[in-house]
Amino acid sequence: TEEQKLQDLLNQGIACIESNELPEALEAFDLVLEHPYVNDELMAEALFRRASLKVRLHRYADAIEDAERLCNLCPSSERGPLLCGLAHTGLFNLQAATSSFHSALSLR
């Protein structure tokens with residue numbers, strides 16, 4: 001099924017991270033997120049993984065975009081605000097980072 005193909009792509013991206021094939025991991029997550037019929041659960045996981053990877057690659061502004069999408073998709077999850085906080089810290093925007101971390105803590 002399409003859902004299984006998307007889950008396989010997500011797992012491929014995770015495996016690429018574990019083997020330090022970071023561009024390939026980004027590509028796998030991109031493919032999941034670009035699919036027209038991706039469900040919310042897979043989208044949330046792909047956004048989380050891609051934003052985390054973008055933080056690792058010091059692509060903080062891009063990570064914030066994904067983290068904010070995750071916040072909108074899953075407003076009761078602390079994962080989006082935590083990633084926003086990490087990315088804002090990377091940009092030395094400490095006021096925004098502190099606000100994001102407080103939001104994450106309030107969701108726990």
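Along the charge dipole of the chain, Cβ charges K/R +1 and D/E -1, which of Leu91, Ile17, Tyr60 sits furthest on the positive end?
Selected residue: Leu91.
Keeping every protein chain present and rolling a 1.4 Å probe, give me the accessible area per residue for the stretch 2-100 in Å².
Counting only protein heavy atoms, the per-residue value for the stretch 2-100 is 55 Å².
Determine the calculated [θ] at 222 nm for the chain from helices alone, applying -39500 (n - 2.57) to every DSSP H run no shorter than 4 residues and normalising by the residue count; nearest 500 deg cm²/dmol.
Theoretical 222 nm ellipticity from helices: -26000 deg cm²/dmol.
Taking 0.36 nm per intervening residue step and subtracting the Cα-Cα distance, what contour gain separates Ala96 from Glu65 on full extension?
9.8 nm
What nm distance separates the two modelled labels at Thr1 and Arg56, each placed 7 Å from Cα along Cα→Cβ?
2.9
Report, in whole Å, the centroid distance computed from the Cα atoms of the stretch 52-84 and the stretch 13-28.
18
Pulled fully out, how much extra length does the chain show between Leu73 and Asn39, if you take 0.36 nm times their separation in residues and subtract their Cα-Cα distance?
11.1 nm
Taking the structure as given and computing Cα Rg over 2.2 N^0.38 Å, which label from [x] 1.43; [y] 1.00; [z] 1.06 fits?
[z]
Give me the percent of the accessible area of the chain that comes from carbon and sulfur atoms, probe 1.4 Å, all protein chains in place.
53
Would you tally the net charge around Gly90, using a Cβ to Cβ cut-off of less than 13 Å, leaving Gly90 out, and scoring K and R as +1, D and E as -1?
Net local charge, Gly90 excluded: +2.
Under the classification rounded if a/c is under 1.5, otherwise prolate if a/b is larger than b/c and oblate if not, where does the stretch 48-108 fall, given a ≥ b ≥ c as square roots of the Cα gyration tensor eigenvalues?
In terms of gyration-tensor shape, oblate.
The values are calculated or read from the model by the stated rules, or taken from the named source; none is laboratory data. As the structure is a computational prediction, the values presented were derived from the model and not from experiment. Every residue, glycine as well, gets a Cβ built from its backbone with ideal geometry; the counts of neighbours run over all protein chains shown. Protein only, heavy atoms only, side chains kept; ligands, DNA and RNA dropped before computing areas. Shrake-Rupley method; radii C 1.70, N 1.55, O 1.52, S 1.80 Å.
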